Amino acid sequence: MKFGYARVSTEEQHLENQINWLIEQGVDRKNIFVDEISGTTSPYERDGFKSLLNAKIRQGDDLYVFKLDRLGRKANVVEEMVRELLNDGIILHSKDLPDIPANDKYGMGKLLLNVMLSVLTFQAETERLYMLERQRVGIERAKKEGRYKGKKVKYSKDSDNPQGRVIYEKVVEVLKNGGTIRGTAKKYGLGMKTVQRIKNEIKRESEWSYNDKR
């Protein structure tokens with residue numbers, strides 16, 4: 001049986017091209033599953049992809065995706081997921097992956113697929129690192145020119161949200177008095193990462209104050 005998966009990241013993007021391509025490959029519309037969510041979200045946390053897996057896709061079935069990046073944007077996650085699908089006997093089809101012949105006597109099709117997959121994921125990872133480097137350089141340049149103010153978070157001393165500033169000050173007070181990260185997060189309904197960030201900020205400010213006095 002043929003199944004299809006399509007994904008877009010934002011409302012500004014459209015699914016029509018992907019869906020039309022899937023239908024051209026012989027996928028019945030009722031077997032096409034879609035997500036409108038960031039590619040950085042794990043496939044196993046997307047409603048559409050989870051519905052695909054629950055549709056009893058099994059060994060010998062064909063899964064069509066327009067391009068490999070529709071499965072995800074993180075190279076290592078995509079590679080791991082594709083290999084899991086192949087190990088389960090699901091035949092993956094994509095515009096940027098070679099098909100495995102039905103009579104692959106010597107396993108050359110699988111070998112070629114593995115090589116292509118490794119190359120594609122390497123390219124995706126390289127592109128991501130290049131993008132991060134350009135972003136870092138841009139931020140450094142903006143800082144030197146006095147144009148970079150950084151992203152203001154909700155729970156901070158300079159937050160645009162008045163309630164966020166109040167809660168931030170309360171969290172700071174609790175932490176300075178020995179409060180734990182878990183207990184403070186539970187008390188104010190915050191994530192532990194948020195409280196950990198605030199605690200790190202307190203530590204840095206304390207270190208700066210100490211160094212200024214030396």
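The values are calculated or read from the model by the stated rules, or taken from the named source; none is laboratory data. Please read all numbers here as calculations on a predicted model, not as lab measurements. Quick reminder, even Gly has a Cβ in these numbers, built from the backbone with ideal geometry, and neighbours come from all protein chains shown. Ligands, DNA and RNA are excluded from the accessible area calculation, which covers all protein heavy atoms including side chains. Shrake-Rupley method; radii C 1.70, N 1.55, O 1.52, S 1.80 Å.
Please go through region 176-190 and pick out each residue that is loosely packed, with under 11 Cβ neighbours inside 10 Å and under 16 Å from Tyr155 (Cβ atoms).
Correct list: Gly189 only.
Residue pairs, Cβ under 8 Å, 6 or more apart or interchain, first in region 67-90 and of a type in the set (A, V, I, L, M), second open to solvent by 70 Å² or more (accessible area, probe 1.4 Å). List them.
Cβ pairs passing all conditions: Ala75/Phe122; Ala75/Arg128; Leu86/Lys110; Ile90/Arg58; Ile90/Gln59.
Test Thr126 against the stated conditions and say whether it is open to solvent by less than 70 Å² (accessible area, probe 1.4 Å) and modelled with pLDDT under 80.
yes
For region 21-32, what are the residues that are open to solvent by less than 100 Å² (accessible area, probe 1.4 Å) and either assigned to a loop (DSSP other than H, G, I, E, B) or of a type in the set (Lys, Arg) (or both)?
Listed by number, the residues that qualify are Gln25, Gly26, Val27, Asp28.
Could you count how many residues in region 33-48 are in a loop (DSSP other than H, G, I, E, B) and surrounded by 14 or more Cβ atoms within 10 Å (Cβ to Cβ)? Write out each step before concluding.
Of all residues in region 33-48, those in a loop (DSSP other than H, G, I, E, B) come to 37-42, 46.
Of the ones still in play, those that are also surrounded by 14 or more Cβ atoms within 10 Å (Cβ to Cβ) are 37, 39, 41, 46.
The total comes to 4.
For region 49-66, does any single residue satisfy the condition of being over 18 Å from Met1 (Cβ atoms), acidic (Asp, Glu) and either modelled with pLDDT of 85 or more or open to solvent by 40 Å² or more (accessible area, probe 1.4 Å) (or both)?
no
Would you be able to say whether some residue in region 10-20 is at pLDDT 85 or above, assigned to a strand (DSSP E or B) and surrounded by 13 or more Cβ atoms within 10 Å (Cβ to Cβ)?
no
Within region 156-165, identify whether any single residue is within 26 Å of the chain's Cα centre (by Cα) and without any contact (Cβ under 8 Å) to a residue 60 or more places away in the chain, and answer yes or no.
Yes - at least one qualifying residue is present in region 156-165.
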